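Asks: The structure follows.
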Amino acid sequence: LRTSLKVHTSLHTSAGTNVVAAREEGARKDVTDEKDGHKSLYALQAERQGQAERSVLISYHSRINEKKFLKYLSRHGDINKYFFYESYGIYAVVEFGSRDSVASLLEETAIPSVNHEAMVPFKSRLLSLKNLGSADSPNQQSGPQCQPQTTVPINQLIQTLSKEGSIDQQVTSLTEAYQLTEENSRLRFLVCSLLKDIAAAYFPECTVRPFGSSVNGFGKLGCDLDMILDLDGISGRKTKMFMHQQIPDLIFADMPKQEPEFLTVQVDAASLLTFNSTVHLIPRSGLSLEYQLKRANSERSATQSILSVIGECVDQFGPGCVGVQKILNARCPLLRFAHQPSGFQCDLTANNRVAIKSTELLYLYGELDPRVRHLVFTVRCWARTHGITSSIPGAWISNFSLTVMVLFFLQRRSPPIIPTLDHLKDLAGPADKSVIEGNDCTFVSDFSKIQLESNTETLEQLLHEFFEFYATFPFSKMSINIRKGKEQNKPEVAPLHIQNPFEISLNVSKNVNATQLERFVALCQESSWLLQQSETSTPREPLFNCTTHGCLIGAWHRITSNQSLRASATVVVCTFFFSLDSREATSIQHQPDQAP
Ligand code: GTP
Ligand code: MG
C-alpha cells in the first residue's frame, strides 16, 4: 500500500511540492516530539490533524480519468497526497498543501438543486464530482486503483497464514493484514475533522479527536471510530480557565484577598490538573464570556446537553451521517451514528479525559515491544473468530478488557516484557502529572526513560503461555491489575474482575457473566492444548494437517457437549486459524460477526 501511495505522490510532484514540504516541516517542528525513535501520540495526532484539515473527501464517477481529476484539483493549489477507496460509491481523499486551496475549491462548488426537495445549504468538505466535461473519457473503463478500507475475509486470511512457515510468521502476517493502513488512519482523522466543522457551528474553537483503537496502535481495519469532542483543549498543552473559585487557594496564596469574581488564568494543562505548578496570570480585563456562565447541575448534565444539540445538528445537517442515536444515559454519554462515505461506525463522546489517558497508555505499551501489538492482534482475532467478543454490547468480554488481559500477562512473564503502570508512574516527570476527577492518571511519556528487561520469548511461546495462563488463572478469587502487575484479591463479586487502570474502584469487565468467562477459559484450555500438540510433534506439520484439524473438531465437540457450555450453543465457529489447511478452510462454517 505504501509503495503505491508513493507512486501516486510522485505522480504529482512538481516544483511547488518542495515548498509545501518545507512549509509542512516548519509547521511540524513544534509538534514533533520523537524520543528514542518513538513518536509520541500527541505528535502523531497533531500531524494527522493538520493533514485532515487540509483535506477534502470527494465522491466521484467511477470512470473518471485520474490524471485529469488531479489536474482539475491542482488549479486550487499543490496536492500533497491523495488516494481512492470504495465505500458506498467511489471516493477520493485529497490533501492539499494548504487550507487556502481547500477554501478556493469550496468557492467553486455549487449547491445541487433537486426537484421537490428543499436543500439545507450546509457547506462541508464532503464534495461530489459529477463530471469533468472532457476529462471524463468514455473509453476508460476502469477507474483509479482503490485502497482497501476493510479487512480481508477470514477465508483469505487463513489461506495467507497457512502459507507461512511458523506460528511466529503467522502472527506477524496476521497483524500486517489487520492493522490500520496509512490511508485508513488519514480517513479517520478526516472524518473527525468533518465532524468538527459541524460542531464548530456551536463551539467555534472545538476539536474532535479520535481515541481508542483508531489511534492506540491496536486498531483493526473496520473497527469503530471513537471520537471525543474537545471544547477547551483538554488533551492539548494549553487551556484557559476562568472561574476564580475553581482554582484552589494555594495558587492565589500571594494575591490580594478580594479578587473580582472572574479572572483569566492561562495554565498548563498538567498544572491545571495537579494544582502544584506555577500559574501565569494574564491581566484581568474584567470581561468574561457569557456562555461560560451558563451552568449545568453537573458536568454530566452539561455533557448531555452538549451532545444533545450536536446530535441534532449531526442528524439534521451532517452530510453523510445517518442513523444518529443519542445514548445520553450511558455511564459515558455518547452519540452513535454511521458515517456513510467512510463506512465508519462512529461514537462521539465529550468530557472523556480518562479514555484519552487509556488510549495514551495502550499506545505506549504497544510501542515498547513489537510483541505486544502482535499478541493483542492475535488474541483479539482468536477471540472474535470464536465469538468470545462481539461488536454488539453484551455480557461478553470487550476488546478493551482483552487487551488489558494481554498486557497483564506480558507483565507476568519472567522477566517481564512490559513494566507495571506503577513503575511508569514512578518514571513520570512533572509535565506528565495528570489528575482527572480525583484519579491519578500520571505515567511517563518519555520512552527513553523506560528500561526494558531482556525477555527473548518467541510469539509462539507467548501465545501458548497466554492460553495456559488464563486456562488456569484463579478468576474466582483474584483480580487482574496492570497497575501492580500482579493479581490482587477481588474487591467485589464479579465473575471477571479487571481493575480499571485509572479509575481504580471500577471493574472494566463488570458486564461479563459467568457463562462467557467459562467459555473463555474453556477455549484457552483447548487452544493451549492445540499449541502443545504442534510443539511436541516433529516435524512441525501438524500445524496445518488434518490431525490437528481433527483434534480441533474434537475439541469443539467437547465444548458443545459440556453441560455448562451448552447454553452457548452458538459456538459454531470452529476455526482455529493456526491449525487449518487452506483447502479445508472453505468447508468450515464461519460466523465471526455473530454475537455469542
Ligand atoms: P475496538 O473498538 O473494539 O477496536 O477497541 P477499542 O479499544 O476502541 O474499544 P472501545 O471502542 O470499546 O472503547 C474505546 C476506548 O474507550 C478504549 O480504547 C478505552 O480507552 C476506553 N474504554 C472502553 N471501555 C472501557 C472501560 O470499560 N473502562 C475504561 N476505563 N475505558 C474504556
Ligand atoms: Mg473503538
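The values are calculated or read from the model by the stated rules, or taken from the named source; none is laboratory data. Keep in mind it's a predicted model, so treat the numbers as computed, not measured. In this analysis, Cβ positions are derived from the backbone assuming ideal geometry, glycine residues included, and neighbour counts consider all displayed protein chains. Surface areas here come from the heavy atoms of the whole protein model, side chains and all, with no ligands, DNA or RNA. Shrake-Rupley method; radii C 1.70, N 1.55, O 1.52, S 1.80 Å.
Asks: Just to be sure, is residue 452 open to solvent by 70 Å² or more (accessible area, probe 1.4 Å) and under 19 Å from residue 410 (Cα atoms)?
Replies: In short, yes.
Asks: I would also like to ask the following. Being within 16 Å of ligand 2 (Cβ to nearest atom) and under 26 Å from residue 463 (Cβ atoms) narrows it down to one of 512, 508, so name that one.
Replies: Step by step, each of 512, 508 is checked, and only 508 is within 16 Å of ligand 2 (Cβ to nearest atom) and under 26 Å from residue 463 (Cβ atoms).
Asks: Would you confirm whether any residue within the range 471-489 is open to solvent by less than 10 Å² (accessible area, probe 1.4 Å) and under 22 Å from residue 522 (Cβ atoms)?
Replies: yes
Asks: A further question on this structure: Under 6 Å between Cβ atoms, which residue pairs at least 6 apart in sequence (or on different chains) link something in the range 215-229 that is within 10 Å of ligand 2 (Cβ to nearest atom) with a partner that is part of a loop (DSSP other than H, G, I, E, B)?
Replies: 219/180
Asks: Just for the range 490-509: of the residues that are out of contact with any strand residue (DSSP E or B) (no Cβ under 9 Å at 6 or more places or on another chain) and either at pLDDT 95 or above or open to solvent by less than 40 Å² (accessible area, probe 1.4 Å) (or both), which one is farthest from ligand 1 (Cβ to nearest atom)?
Replies: Initial filter on the range 490-509 (out of contact with any strand residue (DSSP E or B) (no Cβ under 9 Å at 6 or more places or on another chain)): 493, 495, 501.
Narrowing further to those that are either at pLDDT 95 or above or open to solvent by less than 40 Å² (accessible area, probe 1.4 Å) (or both): 495, 501.
Values: 495: 15, 501: 7 Å.
Per the criteria, the residue is 495.
Asks: Follow-up question, since we're still on this one. Looking only at the range 190-228, count every residue that is in a strand (DSSP E or B), away from ligand 1 (no atom under 16 Å from the Cβ) and aromatic (Phe, Trp, Tyr) and tell me the total.
Replies: Within the range 190-228, residues that are in a strand (DSSP E or B), away from ligand 1 (no atom under 16 Å from the Cβ) and aromatic (Phe, Trp, Tyr) number 0.
Asks: Okay, moving on. Does at least one position in the range 229-241 carry a residue that is within 16 Å of ligand 1 (Cβ to nearest atom), polar (S, T, N, Q) and either modelled with pLDDT of 95 or more or open to solvent by less than 10 Å² (accessible area, probe 1.4 Å) (or both)?
Replies: Taking every residue of the range 229-241 in turn, none turns out to be within 16 Å of ligand 1 (Cβ to nearest atom), polar (S, T, N, Q) and either modelled with pLDDT of 95 or more or open to solvent by less than 10 Å² (accessible area, probe 1.4 Å) (or both).
Asks: Still on this structure: In the range 103-132, which residues are small (Gly, Ala, Ser) and at pLDDT 85 or above?
Replies: Filtering the range 103-132 for residues small (Gly, Ala, Ser) gives 103-104, 110, 113, 118, 124, 128.
Selection gives 103, 104, 124, 128.
Asks: In the range 389-432, how many residues are over 18 Å from the mean Cα position of the chain (by Cα), surrounded by fewer than 23 Cβ atoms within 10 Å (Cβ to Cβ) and within 16 Å of ligand 2 (Cβ to nearest atom)?
Replies: 1
Asks: Is it the case that some residue within the range 179-189 is within 12 Å of ligand 1 (Cβ to nearest atom), in a helix (DSSP H, G or I), open to solvent by 10 Å² or more (accessible area, probe 1.4 Å) and of a type in the set (Ser, Thr, Tyr)?
Replies: No, every residue in the range 179-189 fails to be within 12 Å of ligand 1 (Cβ to nearest atom), in a helix (DSSP H, G or I), open to solvent by 10 Å² or more (accessible area, probe 1.4 Å) and of a type in the set (Ser, Thr, Tyr).
Asks: Same structure again: Confirm whether residue 327 is open to solvent by 20 Å² or more (accessible area, probe 1.4 Å) and among the β-branched types (Val, Ile, Thr).
Replies: Yes; evaluated as a whole, the condition is true for this residue.
Asks: For the range 496-536, which positions are closer than 18 Å to residue 394 by Cα and charged (D, E, K, R)?
Replies: Scanning the range 496-536 gives 510, 518, 519.
Asks: Give the residue, chosen from 305, 301, that is out of contact with any helix residue (DSSP H, G or I) (no Cβ under 9 Å at 6 or more places or on another chain), open to solvent by 40 Å² or more (accessible area, probe 1.4 Å), away from ligand 1 (no atom under 16 Å from the Cβ) and in a helix (DSSP H, G or I).
Replies: The conditions single out 305.
Asks: Can you pull out the residues in the range 434-459 that are part of a loop (DSSP other than H, G, I, E, B) and β-branched (Val, Ile, Thr)?
Replies: Taking the range 434-459 and keeping what is part of a loop (DSSP other than H, G, I, E, B), we get 434, 437-438, 441-446, 450-458.
Scanning the range 434-459 gives 442, 444, 450, 456, 458.
To keep it simple, each residue is scored yes or no on (1) crowded, with 21+ Cβ neighbours inside 10 Å; (2) on the phi < 0 side of the Ramachandran plot; (3) outside any helix (DSSP H, G or I); (4) touching a residue at least 24 places away in the same chain (Cβ under 8 Å).
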position	(1), (2), (3), (4)
461	no, yes, no, no
516	yes, yes, no, yes
528	no, yes, no, yes
535	no, yes, no, yes
